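Input: a single structure, listed below in structure tokens.
The values are calculated or read from the model by the stated rules, or taken from the named source; none is laboratory data. Everything numeric in this text was worked out from a predicted model, so none of it was measured. Glycine gets a Cβ as well: all are built from the backbone with ideal geometry, and neighbour counts include every protein chain shown.
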Amino acid sequence: MSGRGDDNHKVLDVRGLCTRFFTSAGVARAVDEVALSLQRGKTLGLVGESGCGKSVTALSIMRLVPDPPGRITSGEILLDGQDLASLSEKRMREIRGREVAMIFQEPMTSLNPVFTIGNQLIEAIRVHEDLSKSQARRLALEMLERVGIPNPAERLSNYPHQLSGGQQQRVMIAMAISLNPRLLIADEPTTALDVTVQAQILKLLDELRREFSIGILFITHDMAVIAQTADDVAVMYAGRIVETADVFSLFKAPRHPYTRLLFESIPTEKARGSRLRTIKGTVPPLTHLPRGCNFQKRCPLAIERCIEEDPTLREIAGGHLSACHRAEEVEELMR
Ligand SMILES: Nc1ncnc2c1ncn2[C@@H]1O[C@H](COP(=O)(O)OP(=O)(O)OP(=O)(O)O)[C@@H](O)[C@H]1O
Ligand SMILES: [Mg+2]
């Protein structure tokens, strides 16, 4: 597509995305009017507590929401201007893996335990690329080497369980980028790894992003990981984006009480290893969201208006958006 050479080019532009789960307990608004924008070669961090809709957002973009009970009910998912939400399943299968790839927290959920690494990597390449077996093998070796797997030729004949968690994740990354996708969705890819390995994997993803100009949608519940990886950040709460800004503005002056409280859950150097502070209370059930603001019951700044009126996402400063009636006061009142 012509726009790919342009550095300001949006690789992903999600607008008004709604995904619902139709359950016996009611309709869960797992993704509600979500808008996301990611530039080519940049990382957009999507952060929020467990159950706020991060993975369902990712699955919606991939068109992999389990149906039933789930369904995308409205919105556009523009990948280089092409709306994935309106594509046929056949066309979507060509795009998955080839143009948009995804890596998960547990590599073993995507790696098949009964086939060798080589078998899976070579097959994944050949599904999309018209290559001979030996050409695909060469590409697989090259990719394993690039992601830092020692003795790649030997590794091809290994089974997944013969690799460490960090190496399995490297294999998943090799598989994901071997077809040179324009968008990589990484859903908590380092959460299951220890801190040292986590840092190595984050560094690797960052190098690959630059080298191949891949846009990365990086999903995490960890603000410290956001600080290390993201150019821009979208904060999600109860199915909605409640704040979005570039990473510096967000850390310098958060404009939503929820974001401000998420910062307190970052372990400091001194407190590392001790229990993290978590935000009091729980996310309301997505089948029964309150009138007014979804965060009202847990919010230290909540006033009458927050119970009555649902706050919309609005611009507070250049490119910095917040869905809080008291966005302008957060900095002063929550020091
Ligand atoms: N298969 C399903 N059936 C019914 N509801 C679902 C299903 N999958 C997800 N949901 C709903 O969507 C909500 C969001 O789930 P999601 O997996 O996106 O959370 P998350 O932000 O990724 O959390 P975590 O940090 O724990 O991975 C859930 O709280 C649940 O209400
Ligand atoms: Mg998740």
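List of remarks:
- Selection status of Ala124, away from ligand 2 (no atom under 16 Å from the Cβ), modelled with pLDDT of 95 or more and in contact with a helix residue (DSSP H, G or I) (Cβ under 8 Å, 6 or more places away or on another chain): no
- Phe218 falls short of the stated requirement of being without any contact (Cβ under 8 Å) to a residue 60 or more places away in the chain and assigned by TED's automatic domain parsing to the domain that holds Leu313.
- Test: residue in the range 46-54 that is within 14 Å of ligand 2 (Cβ to nearest atom), assigned to a strand (DSSP E or B) and in contact (Cβ under 8 Å) with a residue 60 or more places away in the chain: yes
- Among the residues of the range 224-241, those that are within 13 Å of ligand 1 (Cβ to nearest atom) and out of contact with any Pro (no Cβ under 8 Å at 6 or more places or on another chain) comprise Val225, Ala234, Val235, Met236, Tyr237, Gly239, Arg240, Ile241.
- Residues that are surrounded by 21 or more Cβ atoms within 10 Å (Cβ to Cβ), within 17 Å of Glu207 (Cβ to Cβ) and of a type in the set (Gly, Ala, Ser) are absent from the range 145-153 altogether.
- Criterion: under 26 Å from Ile173 (Cβ atoms), within 17 Å of the chain's Cα centre (by Cα) and at pLDDT 95 or above - qualifying residue of Ser110, Ser50, Ser37: Ser37
- Identity of the residue in the range 214-240, at pLDDT below 95 and within 13 Å of ligand 2 (Cβ to nearest atom), that ends up surrounded by the most Cβ atoms within 10 Å (Cβ to Cβ): Asp222
- Residues of the range 174-187 that are closer than 17 Å to Pro107 by Cα and out of contact with any strand residue (DSSP E or B) (no Cβ under 6 Å at 6 or more places or on another chain): Ala174, Met175, Ile177, Ser178.
- Scanning the range 291-322 for residues being without any contact (Cβ under 8 Å) to a residue 12 or more places away in the chain and under 20 Å from Arg29 (Cβ atoms) gives a total of 2.
- Residues located in the range 68-107, provided they are surrounded by 19 or more Cβ atoms within 10 Å (Cβ to Cβ), in a loop (DSSP other than H, G, I, E, B) and away from ligand 2 (no atom under 16 Å from the Cβ): Gly97
- Residue match in the range 276-289 (condition: surrounded by 17 or more Cβ atoms within 10 Å (Cβ to Cβ), in contact with a Gly (Cβ under 9 Å, 6 or more places away or on another chain) and at pLDDT 95 or above): yes
- Hits in the range 58-72 (condition: of a type outside the set (A, V, I, L, M) and either more than 16 Å from Glu33 (Cα to Cα) or more than 18 Å from the chain's Cα centre (by Cα) (or both)): Arg63, Pro66, Asp67, Pro68, Pro69, Gly70, Arg71
- Residues that are closer than 16 Å to Pro181 by Cα and within 12 Å of ligand 1 (Cβ to nearest atom), drawn from the range 36-60: Ala58
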